[in-house]
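First comes the structure, then the notes that go with it.
The values are calculated or read from the model by the stated rules, or taken from the named source; none is laboratory data. Everything numeric in this text was worked out from a predicted model, so none of it was measured. Note that each Cβ is placed from the backbone with ideal geometry, even for glycine, and that neighbours are counted across all protein chains shown. Accessible surface areas use protein heavy atoms only, side chains included; no ligands, DNA or RNA. Shrake-Rupley method; radii C 1.70, N 1.55, O 1.52, S 1.80 Å.
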Amino acid sequence: VRLDLQPWDATEAARTSTWHHLEIKSDGFASYTSVDGALVKTEAAPIALDKVLLSSGYGVRGKVFPGLEASASFWDDVTVELTSNITAGAPSAPKAVAWDLRRWEKVETVGAPPPPRYSHSSVYHEGKVWLFGGERSAYSFNDMWTFDLEAREWAPVDLGLPLGATDAAVPSSRFDHTAVKVTHAGEDYMVVYGGRSGHVFLGDMWAFHFATATWTRLAESGELAPGLRFGHAASWTAATGAMYLFGGYTDAGFSADLFRCELGEGLSVTCADLTNGCPAVPGSTGVPAALTARYSHTMYSKPTDETLFVYGGANLDSSAGFGQVWRYSGDAVCSWEAMGAADELHRYEQVMVVSEGSTHIVVQGGHQDGITGSTYAFPIG
């Protein structure tokens, strides 16, 4: 059925509750849609690929239809292939994309790897990458894995728990959470906060003790000031022993909140809301209005002081992503500034690391006019 604002067509393809293969091709002159290898639709116009949107319970352009709230969609792998001179049923061989400078190389690994996933977290500790959580095909994980960088070996983390252990012993399954490495009282931990599992927002905090491979629940969902949220960013600085959380999505919508959390005796945790200013700096105004509420951004804190850097992210009003780099001077000064640049790199859902000596932040991947694999560096001094 074709509607004015909803150009959908009914097809003769069988509707069954099983996995199907959907393929959409465009050759610059027309577009072709196939289901399970059978051509079901031809449009006499090409399509431009700027994003892939998979949704359920949300009408195209926000239009609501009867029964929409009961809809559901699940997906497995999504693959985008650059090809040339495509015609229906006779695709040409994919073209290799050559890069002029650095190249990504696949790392050959030992041992069975973790099941495929996205929106998971990882931290580095003593020669290993420690991975937690994530999602794939509407299934959320709460398992832990290590990757030994020298041996290039994956291994699951044995938590020593009996089969069927409850969430009282380990964090519940989740994705879009944050994880940071924290050193407290001479011991190293991975601290996980928030995230979501399906439609459930989370706001609990957990600490994983590397030395004993044990989890400790630091706070139940809703007990701490940041509340329930996902898509936020977090960073820990050794200079003060504090962890900062910024932004994300909450039950009130997109957020530009800033929180400072600290571990105390017996792994107690306290979080202070710095969104509207710092208690130690009378008259401070907090997060500026120009630092728009967002999620899927990245944040880095310098190890030598309290300086924070926030980059990228998106919301419904900026679907192309934000391009400014913001610097927070620390709680002693409690001021924000947008770092000037000759141009802006608009991006979200990227990853970010810092160069040796903390001279540059380096971002890779994410969304920038579609999904990108490019890498950029920005000087932070």
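Quick notes
- Cα-Cα over 21 Å, subset of K106/K302; K181/K302; K106/K181: K106/K302; K106/K181
- Residue-level accessible surface for L159, protein heavy atoms, 1.4 Å, Å²: 50
- D331 contributes about 20 Å² of solvent-accessible surface, heavy atoms of the protein only, 1.4 Å probe.
- For L258, neighbours were defined as the other residues whose beta-carbon sits under 11 Å from its Cβ, and their charges (Lys and Arg +1, Asp and Glu -1) total -2.
- The peptide list 243-252, 210-219, put in order of mean Cβ contacts within 10 Å with the highest first, becomes 243-252, 210-219.
- Dimensionless Rg ratio for segment 225-343, taking C-alpha atoms and the 2.2 N^0.38 Å reference: 1.03
- Dipole of segment 121-350, positive end: most advanced residue of G323, H177, S121 [Cβ charges, Cα centre]: G323
- Residue-normalised accessible area of segment 121-350, given per residue in Å² at a 1.4 Å probe: 44
- Here segment 218-307 has 50 percent of its accessible surface on carbon and sulfur atoms, given a 1.4 Å probe and all protein chains in place.
- Rh by Kirkwood over Cα pairs, then Stokes-Einstein D for segment 121-350 at 1.002 mPa s and 20 °C, µm²/s: 117
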